[in-house]
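Bear in mind that the values in this text are calculations on the coordinates, not laboratory data. This is a predicted model, so every value here is computed, not measured. Because the Cβ atoms are built from the backbone with ideal geometry, glycine has one as well, and the counts that use them run over all protein chains shown.
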Amino acid sequence: MRSMEKFLSDHNFSVSNLDYPSRHFTIPKLAQKVRQQIITISEDQKPSRYHFVTHSMGGIILRQIQATNPLPDLGRVVMLGPPNQGSEIVDKLGKMKVFQLLNGPASLQLSTHANSIPNKLGPVSFELGVIAGDRSINPILSSMIPGKDDGKVAIPRTRVEGMKDFLIVHSPHPFLMNHKPAQENALHFIKTGKFIEND
């Protein structure tokens with residue numbers, strides 16, 4: 001997320017690039033850890049509102065925070081390639097030991113099944129714009145996903161009830177945060193609540 005961090009910093013935002021041990025804990029535990037980071041930062045910086053740009057599972061962690069222990073001053077949120085309705089990759093590969101070792105317990109909670117964490121979290125109640133990619137650099141993974149995808153998540157599965165805007169860009173999953181149109185649209189949504197193309 002360093003490229004996104006620099007882009008937003010260059011546009012006069014105070015940016016904190018949060019890191020978390022994604023391969024070592026479940027989503028609820030990661031949500032607790034990330035929320036504590038946010039509170040620690042806020043005690044120092046005292047922001048009036050928190051805006052977020054998340055990538056992939058980061059969006060699910062933020063949804064988990066808002067569903068269980070909401071941040072009181074949440075502003076606008078942009079999610080890049082979020083598995084808001086899970087991913088078929090987890091359905092197909094989640095039982096393999098090597099997948100579990102590489103991706104950790106949180107990734108196993110991102111299936112498309114009705115009882116997966118993203119599918120149990122329900123609609124969002126904050127201002128959300130979702131940016132999905134329609135390019136893949138992994139044809140093997142894409143072959144497991146029906147329809148258009150970014151190599152990790154099917155485009156329709158990035159959507160979530162309650163979102164305010166939606167955009168598709170020509171980028172694969174790992175590079176969404178570096179994609180110039182995604183960066184420009186993320187900035188525009190944070191400022192206006194709409195993506196450029198839909199303003």
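Multiplying the sequence separation of GLN100 and LYS46 by 0.36 nm and subtracting their Cα-Cα distance, what value in nm do you get?
Details: separation 54, 0.36 × 54 = 19.44 nm, distance 3.86 nm.
15.6 nm is the gain from fully extending GLN100 to LYS46.
Please work out how much length the chain gains when fully extended from HIS113 to HIS11, using 0.36 nm per residue of separation minus the C-alpha to C-alpha distance, in nm with one decimal. All intermediate terms of the calculation are to be shown ahead of the outcome.
Values: separation 102, 0.36 × 102 = 36.72 nm, distance 3.98 nm.
My answer for the length gained is 32.7 nm.
How do the peptides 119-130, 185-196 rank, highest first, by the average count of neighbouring beta carbon atoms within 10 Å per residue? Each step should come with its number before you reach the end.
Details: 119-130: 17.8, 185-196: 19.3.
The packing order, highest mean first, is 185-196, 119-130.
Taking a cut-off of 18 Å between Cα atoms, list the lysines near LYS95, but don't count ones fewer than 8 places away on the same chain.
Reachable lysines: LYS152.
So what's segment 2-198 giving for Cα Rg divided by 2.2 N^0.38 Å, two decimals? Provide the component values of the computation, followed by the final result.
Working: Rg = 15.9 Å, N = 197, 2.2 N^0.38 = 16.4 Å.
Segment 2-198 yields a ratio of 0.97.
Cα-based Rg (one decimal) and Dmax (whole number) for segment 1-88, in Å?
That works out to 12.9, 41 Å for Rg and Dmax.
Taking the highest mean first, how do the peptides 2-13, 171-182 order by number of other beta carbon atoms within 10 angstrom per residue?
Numbers: 2-13: 14.1, 171-182: 19.8.
Highest-to-lowest ranking by the protection proxy: 171-182, 2-13.
Hey, rough spin-label estimate for HIS24 and ASN178, points 7 angstrom out along Cα→Cβ, what's it come to in nanometres?
2.6
Straight-line reach from LYS191: which lysines fall under 18 Å, measuring Cα to Cα and dropping same-chain residues less than 8 apart?
Output for LYS191: LYS6, LYS164, LYS180.
So, in nm, how far is label HIS170 from label ALA67 when the simple model puts each one 7 Å beyond its Cα toward the Cβ?
3.6
Hull surface divided by four, with the convex hull built on the Cα atoms of segment 24-136: how many nm²? Walk me through the intermediate numbers first.
Numbers: hull surface 30.4 nm².
Answer in nm², one decimal: 7.6.
Any chance you could run the full-extension gain for ILE196 through ILE39? It's 0.36 nm times the residue separation minus the Cα-Cα distance, nm to one decimal.
Details: separation 157, 0.36 × 157 = 56.52 nm, distance 3.12 nm.
Result: 53.4 nm gained on full extension.
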